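Note sheet for the following structure.
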Amino acid sequence: MQYSLKVLYSGSTGNAAVLTAGKTAVLIDAGRSARALTDALNSAGIDPDALSAIFLTHEHRDHTAALDVFLKKHPVPVHVAQASADRMLRTASEALRAALVPHPPVSTVTVGDLTFCSFPTPHDSAASVGYRITAGEHTIGYATDLGTVTPDVETGLMGCEAVVLECNHDEEMLMTGPYPRDLKRRICARNGHLSNTDCAMFAARLASCGMRRLLLAHLSETNNLPELALGEVRAALAGTSVHIRAAAPDAVVEL
């Protein structure tokens, strides 16, 4: 079975991706606005009404801000970890309340031709998960908000042929950049965001276990540059045949 995963936009201002296989189309995260999300789906060749479900990594606004308005016009189930659902319900619209489908952090959900297996990721939210997704004989990994690579993340992503992985910041740019000290500490923490260096080291391990395509995601617009992220990861993967791309904050990029 053929599949396609396109990151619609990714970065500090908003995150969303769409995965299709067979007759199934599923959205992963829904940041920014309903209009931005709809426009990006259309640019990717996806009719918003064709979506079967939405899977959230966590409840932070850069991954959920479009939902309240988007679901009023395009109601679909929204799968999310229980603790994130509980946090979202405090301010959720009626449409979002009706759509939320809470799960334990480790769960398996099949939607049409896609099966999503979630695993915990270390991030400073009520809950945060990544996904190991199967589409027929293909396996895709997705993890965009994690301060470090834990055994759960290793287990979730090892053996995936294609992976979307956070490559958030260049450590020197972050330390010398404009962010206040507390925010810098938060980003560098074990439940913060993954650096270029840590992403590169993990990517090398993933390549040794069969990864053939890698899309770097959630690059900070302030503390990173695509050429820095790509350069460090390509150096770590020198001698392999892994195809590497970087997601963009304002353009559709296919895995």
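Where a number appears in this text, it was derived from the coordinates with a stated rule and is not lab data. A quick note: this is a predicted structure, and the numbers were derived from the prediction, not measured. Heads up, the Cβs are rebuilt from the backbone with ideal geometry, glycines too, and the neighbour counts pull from every protein chain shown.
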### Message
Quick test of your reading: applying the under-4.7 Å Cβ rule, which cysteines of the chain are isolated?
### Response
Cys117, Cys160, Cys188, Cys209
### Summary
Non-local residues with an amide H under 5 Å from the amide H of Asp250, with H modelled 1.01 Å from N and Pro and chain starts lacking one, are Ser10
#### Entry: Built amide H within the under 5 Å cut-off of His103, gap 5+
Val80, Ala81, Gln82
#### Entry: Charge tally in the Cβ shell below 11 Å around Gly31, where Lys, Arg are +1 and Asp, Glu are -1, Gly31 excluded
0
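Exposed loop sites here are GluC sites (Glu not before Pro) in DSSP loop states with at most 11 other C-beta atoms within 10 Å. What is the longest stretch of the chain lacking them? Walk me through the numbers on the way to the answer.
Values: sites that count: Glu137, Glu221.
Segment 1-136 is the longest.
Would you mind telling me the antiparallel percentage of the DSSP bridges in the chain, rounded to 5? Don't skip to the end; give the middle numbers.
Values: 29 of 52 bridges.
If we restrict to bridges inside the chain, about 55 percent are antiparallel.
What percentage of all Cα-Cα pairs in the chain are separated by more than 26 Å?
Values: 10790 of 32385 pairs.
The answer is 33 percent, as a whole percent.
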#### Entry: Anisotropy class of segment 21-151 from Cα gyration tensor, a/c 1.5 cut
oblate
### Extension gain from His243 to Arg97, taking 0.36 nm per residue of separation minus the Cα-Cα distance
48.6 nm
### Summary
Mean separation of Cα contacts under 8 Å (at least 6 apart) over the residue count of segment 3-254, i.e. the relative contact order in percent, is 18 percent
